[in-house]
Amino acid sequence: MNHDPNCIFCKIIAGQIPSRKVYEDDDIFAFHDIHPWAPVHFLMVPKLHLPSMAQLTPEHERLMGRIMVLAPKLALEQGCNPYPEGGFRIVCNTGAEGGQEVHHLHVHVMGGPRPWFKG
Ligand code: AMP
Ligand code: ZN
């Protein structure tokens, strides 16, 4: 299924729940995390409802590659300092033991001056 009507991130993508948008194209949506751990903290999600990285197959290689290539550009635009003194952290929590709470695949992008709220 492309969308899960009960999924909070599908609702954000559809504009049914408000978010602070960072970026949008046909396949990818990015928005600020509501509880930031760092001065810059946004989430990048595929518009396609995938519960987690555990469901990825070779057909998603281009989509996930696009997210990874876009992340550094958006990080700089959102105020992360340039590499190597600055940089950013990418986190993709997967499953209960991976600390995943929202089951729509999302990539956390965090950055900005230290200290951060969570390590
Ligand atoms: P995870 O533990 O990786 O599943 O993290 C889910 C993230 O989604 C958390 O950092 C939450 O703060 C964030 N989040 C949950 N609801 C919203 C929302 N409505 N808008 C923005 N971020 C959200
Ligand atoms: Zn979803």
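In sequence order, segment 86-98 has phi-based couplings of x, x, 6, 10, 10, 9, 9, 5, 9, x, 4, 6, x Hz under the Karplus curve 6.51 cos²θ - 1.76 cosθ + 1.60, θ = phi - 60°, and Gly or Pro positions carry x. Which residue fluctuates the most in the chain, going by a Gaussian network model with Cα springs under 10 Å, if the choices are ALA96, ALA38, ALA14? Highest fluctuation among the options: ALA96.
Straight-distance candidates among the lysines for linking to LYS11, with alpha-carbon spacing under 20 Å and chain neighbours fewer than 8 residues away dropped: LYS21, LYS47. For ALA38, the amide hydrogen comes within under 5 Å of the amide hydrogens of PHE117, counting only partners 5 or more places away or on other chains and with H modelled in the peptide plane.
Amide hydrogen proximity for LYS47: with H placed 1.01 Å from N in the peptide plane, the residues at 5 or more positions away or on another chain lying under 5 Å are ILE28, PHE29.
Histogrammed with a bin width of 10 Å, the alpha carbon distances of the chain distribute as 13, 46, 34, 7, 0 percent, first bin at zero.
Once you keep just the Cα pairs under 8 angstrom separated by 6 or more residues, what percentage relative contact order results for the chain?
Details: 188 pairs, mean separation 36.6, N = 119.
Once normalised by length, the contact order is 31 percent.
Just to be sure I follow the definition: excluding the sites themselves, where is the longest run in the chain that has none of the GluC sites (Glu not before Pro) in a DSSP loop with at most 12 other Cβ atoms within 10 Å? Can you show the working numbers first?
Working: sites that count: GLU85, GLU97, GLU101.
Result for the longest clean stretch: 1-84.
In this structure the amide hydrogen of ASN81, modeled in the peptide plane, comes within under 5 Å of the amide hydrogens of GLY87, GLY112, none closer than 5 places in sequence on its chain.
Here, each number is a calculation from the coordinates, and none is a lab measurement. Model, not experiment: these values are computed from the prediction. Methodologically, a virtual Cβ is constructed for each residue, glycine included, from the backbone with ideal geometry; neighbour enumeration extends over all protein chains shown.
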